[in-house]
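Quick note: the coordinates plus some simple rules give every number you see, no bench work behind them. Everything numeric here is computed off the predicted structure, so don't read it as measured data. Neighbour counts run over all protein chains shown; Cβ positions are idealised from the backbone, glycine included.
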Amino acid sequence: MSDLKVTLIQTQLHWEDKEANLRMFDEKINSIKERTEVVFLPEMFSTGFSMQSALLAETMDGTAVQWMKKKAAEKNIIITGSLIIEENGEYLNRLIWMLPNGTYGTYDKRHLFGYAGEHEHYTPGNKRLIAQVKGWKINLNICYDMRFPVWARNTIQPDTNEAAYDLLVYVANWPERRKTAWTTLLQARAIENQAFAIGVNRVGNDGNNIYHSGETSLIDPMGEIIYRKSHDEDVFTYTLQRERLEEVRKNIPFLKDADAFTILPKG
């Protein structure tokens, strides 16, 4: 496993305006001057966190998915973020992990935000996505998932004697009014899972006049804050160091003492 360079994009979103958001992200990705390998975008990056699923959904052949495919190939990067997707008559808050060669992985948000009625407009997923790049195993999640630590629990795999993942990611539209939960839980997830953790959030008001202060963050496996940005838009690039991860796991090997468990289907 070698070092991995990642870019986090914190930005305002144009409410329910797919074309404007794709133009904006096109410009922001073009503005990255240094070489990067994975670019992280917020939750529902093409629309904002909208409950207008029937109006705004696209298929896996849709405009935003095709934009991800084209941009990943053009820049030779991996791009990830979530979109509103329609599939088999269901609406999904789907994270897409788009590779430069046009292949992709998907994760459908498991924990739907009932407080905002998300469960009334979207179907939950039931499978984790742990992507791999350059030897890094990356556990990909969406926003509200962060409140449910069992879903993200890291474990030692008996076949390899290695951790299930090395980097934990949440793409989000997390409101400023609950930012203490966002910042606290992200640090906790990094510490308890002995992994780097990334939380990519938006800024500004959405179409419901709910303000988002960002707090996009990168946390190391000991819970130390490497990066955190409040209120302002930003494009931040950083190299995740393999040596730091291995040092923490070697010096404090507590993952091997964790409880064994099985995650059951909801309902």
Placing one equal point scatterer on each C-alpha of segment 1-148 and summing with Debye, one gets log10 I(q)/I(0) at q = 0.09, 0.13, 0.16, 0.19 Å⁻¹ equal to -0.26, -0.55, -0.85, -1.20
Give me the percent relative contact order of segment 154-241, please, defined on Cα pairs under 8 angstrom at least 6 residues apart.
24
Please state the equivalent ellipsoid semi-axes for the chain: what are the square roots of 5 times the Cα gyration tensor eigenvalues, largest first, in whole Å?
27, 21, 18
Going through 69/256; 69/250; 127/179; 69/127 one by one, the pairs whose alpha carbons sit over 30 Å apart turn out to be 69/256; 69/250
Loop trypsin sites (Lys or Arg not before Pro), segment 204-267 (other Cβ atoms within 10 Å of the site Cβ: 10 or fewer; DSSP)
266
Nothing charged except the Cβ atoms of Lys and Arg (+1) and of Asp and Glu (-1): what's the magnitude of the dipole of the chain about its Cα centre? Round to the nearest 20 debye.
380
Total charge of the residues flanking residue 72 in space, meaning their Cβ is under 14 Å from its Cβ, with Lys and Arg +1 and Asp and Glu -1, is +1
Cut-off 10 Å between beta-carbons: net charge of the residues surrounding residue 102, Lys and Arg +1, Asp and Glu -1
+2
Multiply the residue gap between residue 157 and residue 15 by 0.36 nm, knock off their C-alpha separation, and tell me the result in nm, one decimal place.
46.9 nm
Loop only per DSSP, at most 15 neighbouring Cβ atoms within 10 Å: give me the trypsin sites (Lys or Arg not before Pro) in segment 1-41, ordered by residue number.
33, 35
With a 10 Å cut-off between alpha carbons and a GNM built on the chain, which of 231, 119, 111 moves the most?
119
For the chain, calculate the relative contact order in percent as a whole number, restricting contacts to Cα pairs under 8 Å that are 6 or more residues apart.
20
Can you tell me the 0 to 90 degree angle between the C-alpha axis of helix 242-251 and the longest principal axis of the chain, rounded to 10?
50
Trypsin sites (Lys or Arg not before Pro), restricted to segment 89-163: which are DSSP loop and have at most 11 other Cβ atoms within 10 Å?
127
Radius 10 Å from Cβ of residue 83, net charge of other residues (Lys, Arg +1; Asp, Glu -1)
0
